[in-house]
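Take a look at the structure set out below.
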Amino acid sequence: MIGAIIIAFVILVAIPVGFLMSTTAVAALIGELLKSNAETIHADSELLECNK
């Protein structure tokens, strides 16, 4: 009986929470990489001052 409870907990709680946390980390990483890339490419743009 305890095995079924553990499996249900893993399927209903652990996997979804782990997935959401990992996708949040990936989104943050991609956002930072794209931001730094845009600042490098458009270093002479006066619009960069608006982002701060």
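Contour minus end-to-end for I30 and I11, with contour as 0.36 nm per residue of separation and end-to-end as the Cα-Cα distance?
Stretched out fully, the I30 to I11 stretch lengthens by 4.0 nm.
Considering the convex hull of the alpha carbon atoms of the chain, report its projected area averaged over all viewing directions, in nm², one decimal.
In nm², the orientation-averaged hull projection of the chain is 4.6.
Applying the Karplus parametrisation 6.51 cos²θ - 1.76 cosθ + 1.60 with θ = phi - 60° to the phi angles of the stretch 19-24, what ³J(HN,Hα) value in whole Hz is obtained for each residue in order, glycine and proline being reported as x?
5, 5, 5, 6, 5, 5
A short reminder: the numbers here are calculations on the coordinates, not readings from a lab. Bear in mind the structure is a predicted one, so any value in this text is a computation, not a measurement.
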